Amino acid sequence: MSDQDWQYSGYSSLESELISGAIMDQSYREPPLVSFMLLTFNQEKFIEEAVRAALQQTYEPLEIIISDDASTDQTYEIAKALVDQYDGPHRVVVRKNANNMGINPHVNLAVKEAKGEFIVAAAGDDISLPERTEKLVSHWQSGASGVFSNALLIDAQGNSKGLFVRSGYKHMRGWRETALAGTHGAWGCTFSWEKRVFDVFGDMQENILGEDAVIPFRCAILKGISYIDEPLVQYRDHGQNVSFWAREKRSGTEEMVRLGSSIMQFKERMYDNWQQDLDLACNKGLVSEQERQWGRRVLIENTLLARRMDSLLRANFIGLIVLLPFVGAYFAGRMIRLAPVYYSLKKTLLKLLNGVLHYRTPWLHQKIHRLLGGYRK
């Protein structure tokens, strides 16, 4: 371009180069493609609301993957009919598995289908607020590998039942505090993650039920987890939910004990999977050998604690009687601020007591919980 051309444009050569560079930088900072994964299975009563909520997401550019796990009702047909009528800005794919795969294999498959840098997961019986993806992406870009939010509980008819957890919930960001707590403290109904998590760790293990037993810990190892303290999902409590939380609500006394035993065995598998992910992270230089050894010790302790809990739950009340002197000493030490020997056993005893009371005598557990203001610090 000649000097005369530059003069005509009103910019000097230097100014034009700066403008050109700015345009390139802006192009580089364009919003990333995000994948909204709506996973469905036999949810024909609720799927229309779930699909409409996905299509109404305000974030762009967005691809929506509606993946059905071989439903035997009309879930897939309803979802496809809605998408066939859609003419909005989002790219939408509707697919169906030939055979039922189960949660983890289905998530693994859907992630492979996803083209986005960030993945927002949703279930076919829940409702995502329109701004959900937009707010999750904003938190992810501020520096996190996984992001989740609070949720609003609704019943089968869509009536509000309050928040999933109280406002001000304190989440765990890193893998060390997650390992020490023995729980990820996040829930799959609102969770989202960067696709890099699967690039680093590969598919989820299939010996455990639920993506939230695997993905949050992997996110915590990478850049950590962020939490949005507002409800971005309406979580439907319709009586057929498969989560442990939902099953506890509809279990009687004997069922609670069996469920508690199943949860302890579930935790053993979860801790084993966490150890495998920690080993892989160490091999890839994401954590040091010293950190890996520390993590393995903590997770082995968690595993032993889960086994003791399982034994107590499956034993008769003689096991509880053996535990009572320690329990009494603990509470005495708590009240008078003495007995330092018992304080050294506080963590283990408290978890054992909490679990046994929770599953064997829920009513007593609730009374003690209210009396002491909660077991957790």
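Being part of a loop (DSSP other than H, G, I, E, B) and free of Cβ contacts under 8 Å to residues at least 12 places away in the same chain is a condition met by no residue of the stretch 98-121.
Counting only helices (runs of 4 or more DSSP H) wholly contained in the stretch 193-303, the ones carrying 3 or more residues that are assigned by TED's automatic domain parsing to the domain that holds N108, more than 18 Å from S149 (Cα to Cα) and modelled with pLDDT of 90 or more occupy 196-201.
From the set of residues in the stretch 7-60 that are polar (S, T, N, Q) and at pLDDT below 95, which is nearest to E117 (Cα to Cα)? The qualifying residue nearest to E117 (Cα to Cα) is S27. Hey, could you check the stretch 161-216 for residues that are of a type in the set (D, E) and out of contact with any strand residue (DSSP E or B) (no Cβ under 8 Å at 6 or more places or on another chain) and say which is surrounded by the most Cβ atoms within 10 Å (Cβ to Cβ)? Restricting to residues being of a type in the set (D, E) and out of contact with any strand residue (DSSP E or B) (no Cβ under 8 Å at 6 or more places or on another chain), the top hit is D212. Of all residues being part of a loop (DSSP other than H, G, I, E, B) and among the hydroxyl-bearing types (S, T, Y) in the stretch 49-89, which is surrounded by the fewest Cβ atoms within 10 Å (Cβ to Cβ)? Just the residue, please. Taking the candidates together, the pick is T72.
Pairs are defined by a Cβ separation below 8 Å, a sequence spacing of at least 6 or placement on different chains, a first member in the stretch 179-205 that is free of Cβ contacts under 8 Å to residues at least 12 places away in the same chain, and a second member that is surrounded by 15 or more Cβ atoms within 10 Å (Cβ to Cβ); the pairs so defined are A181/M172. Residue check: E30 meets all listed conditions (1) in contact (Cβ under 8 Å) with a residue 60 or more places away in the chain; (2) over 24 Å from K161 (Cβ atoms); (3) of a type outside the set (S, T, Y) but one, namely (1).
Any residue that is touching a strand residue (DSSP E or B) at 6+ places or on another chain (Cβ under 7 Å), touching a residue at least 60 places away in the same chain (Cβ under 8 Å) and more than 19 Å from G158 (Cα to Cα) - is there at least one of those in the stretch 58-78? Looking through the stretch 58-78, at least one residue is touching a strand residue (DSSP E or B) at 6+ places or on another chain (Cβ under 7 Å), touching a residue at least 60 places away in the same chain (Cβ under 8 Å) and more than 19 Å from G158 (Cα to Cα).
The values are calculated or read from the model by the stated rules, or taken from the named source; none is laboratory data. Model, not experiment: these values are computed from the prediction. Here Cβ is always computed from backbone atoms with ideal geometry, including for glycine, and neighbour counts include all displayed protein chains.
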